[in-house]
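See below for the structure under consideration.
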Amino acid sequence: MANIIKQKMMALAGDQAVAYAAKQSDVDVVAAYPITPQTIIVEKFSEYVANGEVETEFVCTESEHSAMSASLAASVTGARAFTATASAGLALMHEMLFVTSGCRAPVVMAIANRALSAPLNIHGDHSDSMAQRDSGWIQMYAENSQEAYDSIIQAFKIGEDSNVLLPVMVGLDGFTLSHTLENVETLSDEVVQQFIGIRKIPNVLTHEDKQSPFRLDPKNPMTMGPIALQNYYFEFKRQQEEAMKNALEAIQDVNKNYGDLTGRKYGNGLVDAYNLKDAEVAAICLGSTAGTMKTIVDKLRKEGIKAGLLRIRTFRPFPSKAIKSALRNVKAIAVMDKSMSFGGNGGPAYHEIRHVLYDSESKPFIVNYIYGLGGRDTSPTQLRTIYDDLQQILKNQTIEEPIKYLGLRE
C-alpha cells in the first residue's frame, strides 16, 4: 500500500467523472452529438477545449452516426479518439460501430445507459448497449462514478494494446450514475498520461510488401475497410475474434497495474466477486445495482444465509472461465437483466450465463429476473426477494418460474 500514488478527492457526477478522465487522457479528437443523459460529458469536455485546458480537436457533428464516423476517421490516422452517447444515439451509430471494430480502430466511447423508444423514455436501463453486444466492441460496465473515471482511463490502454486494437465502450447507468454526485479519487494529468502512454502504432505489411505503420498516411498508402468478398471477409472476422480473446488478458493486466498504482482493483477486471467462496445462493448483475445488492448480501450473511454476488464488469469479451470459476460452489443462481431479448426466452446476461454453465459439473439452478426497465426503481425489499426465491428453489429442488419480472404490475 506504501507505493500507492497520491490522489485528489473531487465531487463529481458520473458524466463529469468521465469527461475529466477523458481530459486527462491526452485525447487528440473528440467528435460528439448531445443526447440525454450523456450530454454533460461532451458539454463539459467542450468547456475544457474552450478554456484551453486541452489540446483537443472538438468536432460538433450533425448526428451520432457522424460522430462515430469522425471518431473512426481520426483513429485510423493514428489519433486518440473519444466520444460519448446513449440510447437512440447509440442505435443511430449501429452501422459505424461495426465499421470501427472492423477497421481495428481503438476509439473509446462512454455510454450513459438509457432505455430505447418507443415509448420515449430518458431513464437508465441496458437496452442500448446490449443491443450492440455483437458489434465487435469491448464492453465494460461501471458500478459507480469512481469506476467510471477509472474505466475510461483503462479503456484507452486496453483498446490501444497492439494485441487488441479494438474499440471500447464504458457503460454508466443513466441518471443513477450520470447525474449523481459522488466522491471520486482522481490522479494528476501527468500520472494518467504516463499510465496510458503515447499511442503506439504497430507496423503491418502493405500491398507494396513494405512494413509501414498501421494508419492512413499519404506517405505510406494503404486502405482500411475496403471491399472483401467471399475469398477474404471470413479471415478478417476471425482476426477480430482473436483480438477479443487477447483482450481478456489485457483487461486483467491493466486492472492489476492500475490497482497497484491507485489501490483500486475491480475484481480481476472481468468479474467482481462478493462473498462467493462459500455462497450457496448468488445473484449476478451489471452496473450500479451491485452496490445495493452488496448491502443485501451483508444483511443476509448476518442472518446466517450463505449469499453472494457476482458483478459482471466486462460483458464483451465474455469472461466464461472467470465466471465458471467464481460460481463453482454456488447451488442456485439468479441472473439479473436490465434489458430484454424479446422472444428470446430471457435476457441477454441470462442467455450468456446459462450457456457458460451448461456443461459445468455442479449444474446449479439458474433463474432470470428482468428488472428496472425504463429506469424503474427497484427497492432493496424487492431485491431481497431474489435471495428468498433462491432459497425456496434449493429447498424444493425445482424451478417453477425460470423467468420473472421484478417490480412489474401484472
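None of the figures in this text is laboratory data; all of them are computed from the coordinates on show. Predicted model, so just to flag it, every value in this text is computed and none were measured. Cβ sites come from the backbone with ideal geometry, for glycine too, and all protein chains shown count toward neighbours.
Cβ under 13 Å from Arg264's Cβ, Arg264 left aside: what net charge do those residues give with Lys, Arg +1 and Asp, Glu -1? The partial results should precede the final answer.
Details: positive: Lys256, Lys265, Arg313; negative: Glu143, Glu147, Asp150, Glu185, Asp260, Asp272.
Around Arg264, the charge tally is -3.
Run through the DSSP bridge list for the chain and note the antiparallel percent, rounded to the nearest 5.
Details: 15 of 53 bridges.
Close to 30 percent.
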> Anyone know which of Pro319, Pro119, Pro380 comes out most mobile in the 10 Å Cα GNM of the chain?
Replying inline: Pro119
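Taking region 271-405 on its own, what percent of its Cα-Cα pair distances exceed 20 Å? All intermediate terms of the calculation are to be shown ahead of the outcome.
Numbers: 3533 of 9045 pairs.
In whole percent, the share of Cα-Cα pairs in region 271-405 beyond 20 Å is 39.
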> Where does region 200-320 land on Rg(C-alpha)/(2.2 N^0.38 Å)?
Replying inline: 1.61
> Summing Lys, Arg as +1 and Asp, Glu as -1, what charge do residues with Cβ under 15 Å from the Cβ of Ala50 carry, Ala50 excluded?
Replying inline: -3
> Given the Cα-Cα distance of Thr61 and Glu190 and 0.36 nm per residue of separation, how much length would full extension add, in nm?
Replying inline: 43.4 nm
>> Step by step: find N for region 56-184, compute 2.2 N^0.38 Å, then divide the Cα radius of gyration by it. What's the final number?
In response: 1.00
>> For the chain, set up a GNM with springs between Cα atoms under 10 Å and report which of Ser339, Ser325, Ser117 has the largest fluctuation.
In response: Ser325
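By the scheme Lys and Arg +1, Asp and Glu -1, what is the net charge of all other residues having a beta-carbon under 12 Å from that of Thr292?
Details: positive: Lys294, Lys299, Arg311, Arg384; negative: Glu143, Asp173, Asp298, Asp377.
Charge balance near Thr292 sits at 0.
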> Looking only at Cα atoms, what is the convex hull volume of region 324-378 per residue, in Å³?
Replying inline: 81
>> So I have (1) 58, 49, 47; (2) 56, 50, 41; (3) 71, 52, 49, and one of them is Cα extents along the principal axes in Å calculated from this model. Which one is it?
In response: (3)
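Expressed in nm to one decimal, what extension gain is obtained for the pair Leu216 and Lys277 from 0.36 nm per residue of sequence separation less their Cα-Cα distance?
Values: separation 61, 0.36 × 61 = 21.96 nm, distance 4.96 nm.
Extending this stretch completely gives an extra 17.0 nm.
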> Sorted by packing (mean other beta-carbon atoms within 10 Å per residue), highest first, where do 190-197, 231-238 land?
Replying inline: 190-197, 231-238
> Can you run phi through the Karplus equation (6.51, -1.76, 1.60; θ = phi - 60°) for region 396-410 and list ³J(HN,Hα) in whole Hz, with x for Gly and Pro?
Replying inline: 8, 6, 7, 10, 8, 10, x, 10, 10, 10, 7, x, 9, 7, 10
> Angle, helix 289-302 long axis vs. longest principal axis of the chain, Cα atoms, 0 to 90°, nearest 10?
Replying inline: 30
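Show me the ranking of peptides 150-160, 341-351 by mean Cβ neighbours inside 10 Å, starting with the highest.
Values: 150-160: 26.4, 341-351: 16.1.
Sorting 150-160, 341-351 by mean packing, highest first, produces 150-160, 341-351.
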> Mind checking the angle between helix 39-50 and the chain's longest principal axis? C-alpha axes, 0 to 90 degrees, to the nearest 10.
Replying inline: 30
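Mind ranking 355-368, 5-18 by how tightly packed they are, going by the mean number of other C-beta atoms within 10 angstrom, highest first?
Values: 355-368: 15.1, 5-18: 19.5.
Going from most to least packed, we get 5-18, 355-368.
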>> With an 8 Å Cα cut-off and a minimum separation of 6 or more residues, compute the relative contact order for region 271-405 in percent.
In response: 27
>> Tell me the Rg and the Dmax, in Å, that the Cα atoms of region 129-198 produce.
In response: 13.3, 37
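Among bridges DSSP assigns within region 271-405, what percent are antiparallel (round to 5)?
Details: 4 of 22 bridges.
If we restrict to bridges inside region 271-405, about 20 percent are antiparallel.
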